[in-house]
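First up is the structure itself, then whatever we jot down about it.
The values are calculated or read from the model by the stated rules, or taken from the named source; none is laboratory data. On a predicted model such as this, the values are computed, not experimentally measured, just so you know. Glycine gets a Cβ as well: all are built from the backbone with ideal geometry, and neighbour counts include every protein chain shown.
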Amino acid sequence: MFSNRLFNILIPVISVVLGLLAGAVIMISFGYNPVAGYQALWNGSFGDTYFFGETIRQVTPYIFTGLAVAFAFRSGLFNIGAEGQVIVGWLASVWVGASFDGPMIIHLPLALIAAALAGALWGFLPGLLKAKLGVHEVIITIMMNYIALHVSNTLIRTVLSENKDTSDKITDSASLASSWLMEWTSYSRLHYGILVALFAAVVMWFLLEKTTAGFELRSVGFNKHASEYAGMNVGKNIILAMVISGAFAGLGGAMEGLGTFGYMPTHSAFTNLGFDGIAVALLGGNHALGVVLSAILFGTLKIGALNMPTEADVPSELVEIVIALIIFFVASSYIIRWALLRLKKEGK
Amino acid sequence: MKKNRLLLLFALLLTVGLVLGACGSSGEEGSEGNAGDDSSGSDTNKEDSGEAADSDFSAAMVTDIGGVDDKSFNQSAWEGLQAFGEENGLAQGEGIDYAQSENDADYMPNLNRLVREDYNLIFGIGFKLTESLNTVAEQNPETDFALVDAVAEAENIANITFKEHQGSFLVGVAAAMKTESNKVGFVGGENSELIKKFESGFRAGVASVNPDIEVNVQYAESFGAADKGKVIASNMYSGGVDVIYHASGATGNGVFAQAKDIKKNDPSSNVWVIGVDRDQHEEGAIGDNNVTLTSMVKRVDIAVQEVAALSQSGEFPGGEVLEFGLEDDGVSVAKTNEDAMTDDIVKEVENWKQKIIDGEVEVPSTEDELDEYLNTL
């Protein structure tokens, strides 16, 4: 009765619904009004054009980091390093964007490519170590995150500015920001990056599902040994997967650098874009379209959450709890699957 | 049977969908109403600011990532706003409010949301909000803004700054008097112009009492990482440092935690913390002991309250830089811990305070000035 495909769609949807319901229960038990809370969440993310613009703005990097993590997952790798790849991508894009002026048609793609390359490099190293020496990618990518954070802070202070807390601003020719989009959304920071993100999702889908290279990557993800026996170069595929994954995350950083901010501030802590990307990928079933949809959900929750304390007096920490509950239910999809199968069996 | 179960499931999903959908549409209507109010609201604002001292005055603030309960800088600002609210019969959500930021990307939406809710005066707490506040202020020339700890360019921003180097100098004097190992520590939040002001003042104060005292300087690179603060403090204390001055917001809570741990295990140990921004006396309490030697109190609350009152009475100091220093009690040294702050120390501190107020001592506020100052000793 339940096909695999239906399962894959049903489980995230049920998880989200259960997460929201559980969030409502928690709100009630702490004496908050869940209807007012969720209404504030909705108003704060889609209530008017400004918030709509901010939501889409937040969705953009989530799509990229979600794609990055999902891509690695499909190849059997767990890329926790999306966070660091975002940071180096951000840094590279701002560096290229601020250091010279040129025609937009060259400058903007160049800044994007620089970000993708920087992210790819940050993915290449763990990939190489994994492929050649069998070092687990989780450990290396976590460390690479810290290297990225502190190296970028130092570079911003020393190279990209004169001992300031933010880099210089990028020139207009490298900016994704559009005054048209900003005016339309009453001066939100919405930028053209969303188009790049959607394009990237199509690229990922095409690459994985429609090309030989993608087939090999997925095959390595399913079973390394069988793939090797079938004559595939497993090491090469691991490195390739990490490089492409890193490039996606690096582009996510470029969205912040070239779109949202137009500069790079020093970071005292991680941006969390990369870590949230793990949840986005998980909820999206590691599929390109799923990632886009779950990125929209996460962006909505993040931006809408800011409105919950002011409009409904619900602490924004509660929204973090709701997000955590959704992830919990996604992660426990086995239970949902078991429950559904039980229902099905009993029905017979 | 099977069909029934399935139907039930779908019915459930549909119900939830409907409920959420209903929320959604009512939300849209609400916001449309708001949008309508928006324009009329700002119109009345214009009239109000002309009239001066109206009862509808409202003020709000956006915290930096430390959060409103950081026991330091943001909390102090919120206390100031609450005090202002009490004077004028305003409560949270009714006239005064705050918005907390989780990361740098949240500053803009938070500021914009408060603008949309028609607050007359909006504070940006912390130098990290400078860029965002500038942009928002330029887009909303009708609203008053105030920036704490930095200087922005826009005409409708009042800039609140403090002479932190002066206060830091005095706690440096206290630290130098208190240390027995002749090693003191400084834990900074982020390595920035602002925190350098604290560091320079502190080091100058220490050296003024005894140039041979070693000052161990470390930056946590965060105002919100208590864990890092604890590790740094642990390293410093085990390296022989006995007094640590922290200028690191919520990171400093880790410094306190470490000092209290040491004190708990060995009540006779000589470890001290110097607090920052607020009088952090209660943060240092452990049993009958207290590890808080003193605090460099920066009266963000007074400044916030004062600017709010000015804005309410129509004398908003837009575009000006307000500097609060020792002479107007904008910064001061806490003397709450009377056991630790002996009369000798208090006397010495008062002595230097007078010299600074009289202009006899020019406290350095940057690294270059500090080098010059140290050479003159």
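The figures follow:
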read-out: Filter pass, B:Val173 being part of a helix (DSSP H, G or I), outside the structural domain of B:Ala309 (by TED's automatic domain parsing), in contact with a Phe, Trp or Tyr (Cβ under 6 Å, 6 or more places away or on another chain) and touching a residue at least 24 places away in the same chain (Cβ under 8 Å); value: yes
read-out: Filter result (among the charged types (D, E, K, R) and more than 8 Å from chain A (Cβ to nearest Cβ)) within region B:99-120; value: B:Asp118
read-out: Check on B:Ser311, at negative phi and in a strand (DSSP E or B); value: no
read-out: Complete set of residues in region A:263-295 that are of a type in the set (Gly, Ala, Ser), more than 9 Å from chain B (Cβ to nearest Cβ) and either at positive phi or free of Cβ contacts under 8 Å to residues at least 60 places away in the same chain (or both); value: A:Ala279, A:Gly285
read-out: Qualifying positions in region B:179-196 - within 14 Å of chain A (Cβ to nearest Cβ) and not in a helix (DSSP H, G or I); value: B:Val187, B:Gly188, B:Gly189, B:Glu190, B:Asn191, B:Ser192
read-out: Residue match in region B:294-301 (condition: in contact with a helix residue (DSSP H, G or I) (Cβ under 6 Å, 6 or more places away or on another chain), in a helix (DSSP H, G or I) and surrounded by fewer than 22 Cβ atoms within 10 Å (Cβ to Cβ)); value: yes
read-out: Residues (touching a residue at least 60 places away in the same chain (Cβ under 8 Å) and in a helix (DSSP H, G or I)) located in region A:91-102; value: A:Leu91, A:Ala92, A:Ser93, A:Val94, A:Trp95, A:Val96, A:Gly97, A:Ala98
read-out: Subset of region B:63-79 (residues that are touching a helix residue (DSSP H, G or I) at 6+ places or on another chain (Cβ under 6 Å), crowded, with 23+ Cβ neighbours inside 10 Å and more than 23 Å from A:Ile87 (Cβ to Cβ)); value: B:Thr63, B:Asp70, B:Ser72, B:Phe73, B:Ser76, B:Ala77
read-out: Failed condition for A:Ile113, given (1) in a helix (DSSP H, G or I); (2) within 30 Å of A:Ile139 (Cβ to Cβ); (3) touching a residue at least 60 places away in the same chain (Cβ under 8 Å); value: (3)
read-out: A:Gly299 under 28 Å from A:Lys210 (Cα atoms), touching a residue at least 60 places away in the same chain (Cβ under 8 Å) and in a helix (DSSP H, G or I); value: no
read-out: Members of region A:57-105 that are of a type in the set (Ser, Thr, Tyr) and in contact with a strand residue (DSSP E or B) (Cβ under 9 Å, 6 or more places away or on another chain); value: A:Thr60
read-out: Answer from A:Gly252, A:Gly235 - the residue that is surrounded by fewer than 19 Cβ atoms within 10 Å (Cβ to Cβ) and not β-branched (Val, Ile, Thr); value: A:Gly235
read-out: Residue within region A:77-85 that is at positive phi and either in contact (Cβ under 8 Å) with a residue 60 or more places away in the chain or within 12 Å of chain B (Cβ to nearest Cβ) (or both) present; value: no
read-out: Some residue of region A:80-90 being in a helix (DSSP H, G or I) and polar (S, T, N, Q); value: yes
read-out: Failed criterion for B:Val148 (all others in (1) under 25 Å from A:Asn272 (Cβ atoms); (2) aliphatic (A, V, I, L, M); (3) more than 8 Å from chain A (Cβ to nearest Cβ) hold); value: (1)
read-out: Neighbours by Cβ (under 9 Å, 6+ apart or cross-chain): first from region A:16-30, within 12 Å of chain B (Cβ to nearest Cβ) and more than 24 Å from A:Gly284 (Cβ to Cβ); second surrounded by 20 or more Cβ atoms within 10 Å (Cβ to Cβ) and among the charged types (D, E, K, R); value: none
read-out: Number of positions in region B:204-223 that are out of contact with any helix residue (DSSP H, G or I) (no Cβ under 8 Å at 6 or more places or on another chain) and within 14 Å of chain A (Cβ to nearest Cβ); value: 0
read-out: Residue check, B:Ala247 modelled with pLDDT of 90 or more, hydrophobic (A, V, I, L, M, F, W, C) and under 20 Å from B:His165 (Cβ atoms); value: yes
read-out: Flag if B:Asp227 is out of contact with any Pro (no Cβ under 8 Å at 6 or more places or on another chain), surrounded by fewer than 20 Cβ atoms within 10 Å (Cβ to Cβ) and part of a helix (DSSP H, G or I); value: yes
read-out: Looking only at region A:159-184, and only at residues there that are within 13 Å of chain B (Cβ to nearest Cβ) and over 21 Å from B:Asp104 (Cα atoms), the one that is surrounded by the fewest Cβ atoms within 10 Å (Cβ to Cβ); value: A:Ser179
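Residues are listed down the side, and each one gets a yes or a no for (1) among the hydrophobic types (A, V, I, L, M, F, W, C); (2) away from chain B (no Cβ under 12 Å); (3) part of a helix (DSSP H, G or I):
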| position | (1), (2), (3) |
| --- | --- |
| A:Tyr38 | no, no, yes |
| A:Leu41 | yes, no, yes |
| A:Gly53 | no, no, yes |
| A:Pro61 | no, no, yes |
| A:Ala68 | yes, yes, yes |
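Condition check ((1) touching a Lys or Arg at 6+ places or on another chain (Cβ under 7 Å); (2) free of Cβ contacts under 8 Å to residues at least 24 places away in the same chain; (3) farther than 14 Å from A:Gly259 by Cβ) across all residues:
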{"residue": "A:Ile170", "(1), (2), (3)": "no, no, no"}
{"residue": "A:Ala174", "(1), (2), (3)": "no, no, no"}
{"residue": "A:Leu181", "(1), (2), (3)": "no, no, no"}
{"residue": "A:Trp205", "(1), (2), (3)": "no, no, yes"}
{"residue": "A:Lys210", "(1), (2), (3)": "no, yes, yes"}
{"residue": "A:Ala213", "(1), (2), (3)": "no, no, yes"}
{"residue": "A:Arg218", "(1), (2), (3)": "yes, no, yes"}
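The rows are residues; the columns are (1) surrounded by 16 or more Cβ atoms within 10 Å (Cβ to Cβ); (2) more than 11 Å from chain B (Cβ to nearest Cβ); (3) farther than 23 Å from B:Tyr119 by Cβ; (4) more than 19 Å from the chain's Cα centre (by Cα).
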{"residue": "A:Thr310", "(1), (2), (3), (4)": "yes, no, no, yes"}
{"residue": "A:Ser316", "(1), (2), (3), (4)": "yes, no, no, yes"}
{"residue": "A:Glu320", "(1), (2), (3), (4)": "no, no, yes, no"}
{"residue": "A:Ser333", "(1), (2), (3), (4)": "yes, yes, yes, yes"}
{"residue": "A:Leu340", "(1), (2), (3), (4)": "yes, no, yes, yes"}
